[in-house]
Every structure is written in structure tokens, then in C-alpha cells.
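Undergrad: Sending over a structure as C-alpha cells; questions will come in a sec.
Readers should treat all values here as calculations from the given coordinates under stated rules, not as data from a laboratory. Treat the numbers as computed from the prediction; the structure is a model and nothing was measured. Here the Cβ positions follow ideal geometry from the backbone for every residue, glycine too, while neighbour counts run over all protein chains shown.
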Amino acid sequence: LLERELDGEERRLAFAIDFHSTWSDVFYTVEEAASRRPGGVLRRWIDDMQQRYPGRIRESASPSGNSAVFKNWAFRKYHAPTVTYEVGDKTGSEQLHELATFAADSAMRILLDEPLLDASAAGSPEAP
């Protein structure tokens, strides 16, 4: 489906994320991805997450190699920032909802190159 939507068009994949669950919250990234470098989309997103949730999220980078897992395939085929987010098995639903909401907002702001809202200002009418 993704190939049908992107191949042959003047479209690009801006960001790809795959979700799974495991023992703890881990972001698996592609080691050679330029987006992991300072200022890159993926680096900024992970830094936002780690700043908001200190000690909770860890990153594990490995080469894309010939692995067929989604993040590696999408990186090799589309050169997009890619990540597999392994959600911790014991992460509660309220905590997961808060984290997922923040992650989605952060990713969209970074992709649109907008400043991240301060959580305390998010509900105020003056917030952008």
C-alpha cells in the first residue's frame, strides 16, 4: 500500500514509525540515518521525548543492513527518518496516552518546523 501511494509520484515519506511492545520503552533507530544527527528530525523528536520523560525512553541504533523489518526497509527505500517504538509491557494506558499524545504533537511540530508548546500553556487561549 505504501509503495503504491509513493512510488512514481512526486511524494515523499516524511517520517515512518512502527509500534510493538516489549519489556521497556525503546526507540530502535537506523544507525546511519542523517536524521539522527543533531538538528535532524529524528534526533529532535527523540530529544523532545527524553526531555519530557527523563530516564524513560532510550534509543538503540543499529545499521539497516539487509533486515526486512519495516524501519530498515523504509529507510533504505525512502531515506526517511524511521523508528520502531517498542512500548513497555507495563506501561499503563493513561501514561501511554499522555506519551503518545506528546509524541504525535512533537513529531508534527518538528515536521512542520514549529516550536513545541509548553505543556502549561497548551490549554491557554494565547498558545499558538
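Undergrad: Note down the nm distance, to one decimal, between modelled labels 7 Å out along Cα→Cβ at GLU3 and at ASP47.
TA: Each label point lies 7 Å from its Cα, and together they span 3.6 nm.
Undergrad: Dipole magnitude of region 1-59 about its Cα centre, charges +1 at Lys/Arg Cβ and -1 at Asp/Glu Cβ only, in debye to the nearest 20?
TA: Value, rounded to 20: 380 debye.
Undergrad: Another question, then. With an 8 Å cut-off on Cα pairs and a minimum separation of 6 or more residues, tell me the relative contact order of the chain in percent.
TA: 34
Undergrad: Hey, of [x] 41, 38, 16; [y] 44, 36, 29; [z] 45, 42, 26, which did the structure itself give for Cα extents along the principal axes in Å when calculated?
TA: Label [y] holds the value from this structure.
Undergrad: Right, here's the next one. Order these peptides, 20-27, 38-45, by their mean beta-carbon neighbour count within 10 angstrom, highest first.
TA: With the highest mean Cβ count within 10 Å placed first, the list reads 38-45, 20-27.
Undergrad: For the chain, set up a Gaussian network in which alpha carbons nearer than 10 Å are linked by springs, and say which option among ALA33, ALA16, ALA80 fluctuates the most.
TA: Looking only at ALA33, ALA16, ALA80, the biggest GNM fluctuation is shown by ALA16.
Undergrad: Can I ask one more? Once every DSSP H run of n ≥ 4 in the chain is given -39500 (n - 2.57) and the sum is divided by its residues, what mean residue ellipticity at 222 nm do you get, rounded to the nearest 500 deg cm²/dmol?
TA: Here the helix-only value at 222 nm equals -10500 deg cm²/dmol.
Undergrad: Please report, ordered by residue number, every helix of the chain (full DSSP H runs) that is 15 Å or longer along its axis going by C-alpha atoms and whose mean Kyte-Doolittle hydropathy reaches -1.0.
TA: Counting only whole DSSP H runs, the qualifying helices are 93-111.
Undergrad: Taking the Cα centre of the chain as origin and charging only Cβ (+1 Lys, Arg; -1 Asp, Glu), how large is the dipole, in debye to the nearest 20?
TA: Using only the charged Cβ atoms, the result is roughly 400 debye.
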